[in-house]
Amino acid sequence: MKVVVIGGTGLIGSKLVERLRVTGHEALAASPDTGVDTLTGEGLADALEDARVVVDVANAPLWDDAAVLDFFQTSTRNLLAAETAAGVEHHVALSIVGADRLSASGYFRAKVAQEQAIEAGGVPYTILRATQFFEFIGRIAQSSVQSGTIHLAPVLVQPEAADDVATALADIAVSAPLFGTVELAGPEQFRLDELARRVLRANDDPRPVTADVHARYFGAELDEHSLTPGSSPRITTTYFEDWLGRAASRG
Ligand SMILES: NC(=O)c1ccc[n+]([C@@H]2O[C@H](COP(=O)([O-])OP(=O)(O)OC[C@H]3O[C@@H](n4cnc5c(N)ncnc54)[C@H](OP(=O)(O)O)[C@@H]3O)[C@@H](O)[C@H]2O)c1
């Protein structure tokens, strides 16, 4: 079956393309690097020819409020129109656990706008809301620096490995559309500030991490459960310390 992976050159996308190919599917990695741009529509019609499924794991290159909203709204609109024209049977998209609770953040508002466009778009769909990737914790810390100190709210997180997110998406892509949203989360909970300390320590990064209840997370203040899944998420298998050990051995 032909599956087009929008953002197929990115962190999740490249892993997903690999998994689909290993299981015998024709997976096309679509991104500006391969001549497909969802924002302008360039290359979309050709890429979608004979495709049965599209998985959208693209991310916006710019995260200021207006640019990120435009990226997810315009890209999703262009993509759904091209899918309708091509007769695509299933649109799968990757969103974020808690997106609807963090409307003070322009990035999360844009992800909710993406979800709403999919729900209204007329193409059978499944939305997977994932928690923070282990691979993303360093970037969260980097975006939270104030005068050389990293300020993070000590709230609960249930992060997961990008490999496991790609595996879940590969399964969803070859299953029937759910016309709904499922959540995916890691096997353990942590405090966000403590998790960042552990990642920084593993990277020999000496910067201190301060627990700060008012620290903003991509523009939004967090409460204890802003980032945790609801009552019945799918649970992934990789534990943080195992991932950290594997990341260290890869150098
Ligand atoms: N980070 C987290 O913890 C987390 C948690 C839950 C969900 N998510 C969601 O996961 C998704 C994927 O994240 P990621 O970290 O894998 O992203 P990433 O590594 O930054 O990759 C982004 C991909 O999007 C592509 N792209 C950018 N502009 C495009 C355009 N105009 N048209 C088509 N493709 C375009 C890029 O292509 P080029 O390389 O050619 O530029 C790249 O392949 C995002 O939607 C994010 O919201 C993230």
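Among the residues of the range 39-57, just one is more than 14 Å from the ligand (Cβ to nearest atom) and touching a Leu at 6+ places or on another chain (Cβ under 8 Å), namely ALA51. Annotation: PRO61 fulfils all but one of (1) at pLDDT 95 or above; (2) farther than 21 Å from GLU18 by Cβ; (3) within 11 Å of the ligand (Cβ to nearest atom); (4) crowded, with 16+ Cβ neighbours inside 10 Å; the unmet one is (4).
For residues that are of a type in the set (Gly, Ala, Ser) and assigned to a helix (DSSP H, G or I), scanning just the range 70-107, find the one that is nearest to the ligand (Cβ to nearest atom). Before you say what the answer is, go through the steps one by one.
Narrowing the range 70-107 to residues of a type in the set (Gly, Ala, Ser): 75, 81-82, 85-87, 93, 95, 98-99, 103-106.
Cutting the leftovers down to assigned to a helix (DSSP H, G or I) gives us 75, 81-82, 85-86, 99, 106.
Details: SER75: 6, ALA81: 14, ALA82: 12, ALA85: 17, ALA86: 16, ALA99: 9, GLY106: 13 Å.
Filtering the range 70-107 for residues that are of a type in the set (Gly, Ala, Ser) and assigned to a helix (DSSP H, G or I), the one nearest to the ligand (Cβ to nearest atom) comes out as SER75.
Scanning the range 19-38 for residues that are within 13 Å of the ligand (Cβ to nearest atom) and either under 19 Å from VAL88 (Cβ atoms) or surrounded by fewer than 16 Cβ atoms within 10 Å (Cβ to Cβ) (or both) yields LEU28, ALA29, ALA30, SER31, ASP33, THR34, GLY35, VAL36, ASP37, THR38.
The values are calculated or read from the model by the stated rules, or taken from the named source; none is laboratory data. Since the model is a prediction, treat every value here as computed from it, not as a measurement. All Cβ positions, even for glycine, are placed from backbone atoms using ideal geometry, and neighbour counts span all protein chains on display.
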